[in-house]
Amino acid sequence: MTTPPTNPRPRAPGDSRRAQRIAEMIRVDHAGEYGAVAIYRGQRAVLGRAAATRRAAAEIAQMEAQEQEHLDAFDTLIAQRRVRPTALAPVWDAAGFALGAATALIGEKAAHACTEAVEEVIEQHYAAQIVELEADGAEPELTAAFTKFREEELEHRDTAIAEGSREAPGYGLLTGLIKAGCRAAIRISEKV
């Protein structure tokens, strides 16, 4: 389990905008990891039932375990830094599970296409946050955690591609819709 970073120094009175931005980052990343765990649970619920897809379900379980580690780290950060979590967590849980199950029902390759699309958006999101944090330099532990999580998201994306995500029926449409949904969820979860 990853130990979440702690606040390295007390905030100066003029740091309220930075503190608000860090809270937004933690809130949205917590929501994203929450949704990722739900997506993988939905995929496993479908793929774990048939003998032909049990290997894929086992791979998905490994990715889900890493996402759960990320979520656990953000749970701790939410508590330590007294960040209000998104009010939409129940929505992201239901939507994530439904997305995972629906893509798995289309087939193993569609489930992998879902993983590729989600992880690509999340990786890009983490990359932008890392650039922002590095420019400020005030949160080295948070930057390191985001960097580790980003690398693991890239591994998940690469696994999905290696498993044939791009052979999914309607790949372009499917991944385009999923990416658009992820980007919308990110914007909403930063504030709500």
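Quick notes
- Residue within the stretch 130-142 that is buried (at least 18 other Cβ atoms within 10 Å of the Cβ) and under 23 Å from Ala95 (Cβ atoms) present: no
- Total residues in the stretch 144-156, condition without any contact (Cβ under 8 Å) to a residue 24 or more places away in the chain and within 20 Å of Arg21 (Cβ to Cβ): 1
- Scan of the stretch 153-192 for residues that are farther than 14 Å from Cys114 by Cβ and of a type in the set (Lys, Arg), ordered by number: Arg183, Arg187, Lys191
- Elements of type helices (runs of 4 or more DSSP H) contained in the stretch 83-192, each with 1 or more residues being of a type outside the set (Ser, Thr, Tyr) and within 22 Å of Ala58 (Cα to Cα): 89-106, 108-136, 140-162
- Conditions (1) buried (at least 21 other Cβ atoms within 10 Å of the Cβ); (2) touching a helix residue (DSSP H, G or I) at 6+ places or on another chain (Cβ under 6 Å); number of the one not met by Lys109: (1)
- Exclusive hit being over 12 Å from the mean Cα position of the chain (by Cα), surrounded by fewer than 21 Cβ atoms within 10 Å (Cβ to Cβ), under 17 Å from Arg157 (Cα atoms) and among the polar types (S, T, N, Q), set Gln80, Gln62: Gln62
- Contact map, the stretch 120-139: residues that are over 16 Å from Arg17 (Cα atoms) and touching a residue at least 60 places away in the same chain (Cβ under 8 Å) paired with residues that are part of a helix (DSSP H, G or I) and hydroxyl-bearing (Ser, Thr, Tyr), Cβ distance under 8 Å, separation 6+ or inter-chain. Pairs shown: Tyr126/Thr147.
- The residue of the stretch 87-101 that is modelled with the highest pLDDT, among those that are surrounded by fewer than 16 Cβ atoms within 10 Å (Cβ to Cβ) and aliphatic (A, V, I, L, M), is Ala98.
- When Ala23 is tested against the conditions (1) surrounded by fewer than 19 Cβ atoms within 10 Å (Cβ to Cβ); (2) among the small types (Gly, Ala, Ser); (3) within 22 Å of Glu167 (Cα to Cα), the lone failure is (3).
- When Val91 is tested against (1) without any contact (Cβ under 8 Å) to a residue 24 or more places away in the chain; (2) over 21 Å from Cys182 (Cβ atoms), only condition (2) is not met.
- Of all residues in the stretch 151-178, those that are closer than 27 Å to Ala87 by Cβ, modelled with pLDDT of 95 or more and either buried (at least 16 other Cβ atoms within 10 Å of the Cβ) or among the basic types (Lys, Arg) (or both) total 1.
The values are calculated or read from the model by the stated rules, or taken from the named source; none is laboratory data. The model shown is predicted, which means the values in this text are computed figures rather than measured ones. Because the Cβ atoms are built from the backbone with ideal geometry, glycine has one as well, and the counts that use them run over all protein chains shown.
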